[in-house]
Amino acid sequence: MERIKRVIYRGGLLKDITQASDCLMTAFEEGSIPEPIRDKIIENRIFELETDGIHGQPLLANPIQYDKLIVEFEDRQISHQFYDRDLVLSLTKSEEYRRIDSVIREIKRHCNQKIGTLGRRRCEIEDIGYRI
């Protein structure tokens, strides 16, 4: 299995697809990737997936649920974007989508645990690496 160098997640609700870069981004560097997230990446064999993918229809719903997962390995990166991920998952039986979704949910769960009692909508910088 390849060494995981970085995990980046960007997600949120968009009025239109041009706002994707405005979503908050959570990034974990090699030494700060939480064990449950690392385990989900390994368990779901993310390193076996195609390197890039855009899934869903960005103009199908409003607001648009946007999720992007990037996992960087030593010699390559895997990047998958979802528009209305929940809808895509409910309409398809794709094992690939379900594997990516499992990692995204673990990242969100980790961030929610870090902020749960604080009532804030972002993860703490010192707890997860950095946030852009």
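The values are calculated or read from the model by the stated rules, or taken from the named source; none is laboratory data. Given the structure is predicted, the values throughout are model-derived calculations rather than measurements. So basically every Cβ, Gly included, is an ideal-geometry build from the backbone, and we count neighbours across all protein chains shown.
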- Quickly run through the range 22-41 and pick out the residues that are among the hydroxyl-bearing types (Ser, Thr, Tyr) and touching a Lys or Arg at 6+ places or on another chain (Cβ under 8 Å). Thr26
- For the range 47-95 the number of residues that are surrounded by 13 or more Cβ atoms within 10 Å (Cβ to Cβ), farther than 18 Å from Met25 by Cβ and modelled with pLDDT of 80 or more is 9
- Of Ile42, Ile33, Ile104, which residue is among the aliphatic types (A, V, I, L, M), within 14 Å of the chain's Cα centre (by Cα) and closer than 16 Å to Arg3 by Cα? Ile33
- Message: Please go through (1) in contact (Cβ under 8 Å) with a residue 60 or more places away in the chain; (2) closer than 16 Å to Glu106 by Cβ for Asn44 and return the number of the only condition it doesn't satisfy.
- Response: (1)
- Message: Which numbered condition in (1) outside any helix (DSSP H, G or I); (2) more than 16 Å from Gln19 (Cα to Cα); (3) touching a helix residue (DSSP H, G or I) at 6+ places or on another chain (Cβ under 6 Å); (4) of a type in the set (Asp, Glu) is the only one that Glu72 fails?
- Response: (3)
- Can you tell me which residues in the range 75-93 are outside any helix (DSSP H, G or I), without any contact (Cβ under 8 Å) to a residue 24 or more places away in the chain and not basic (Lys, Arg)? Thr92
- Task: Determine if the range 108-127 includes at least one residue that is surrounded by 15 or more Cβ atoms within 10 Å (Cβ to Cβ), assigned to a loop (DSSP other than H, G, I, E, B), at pLDDT below 75 and under 16 Å from the mean Cα position of the chain (by Cα).
- Result: yes
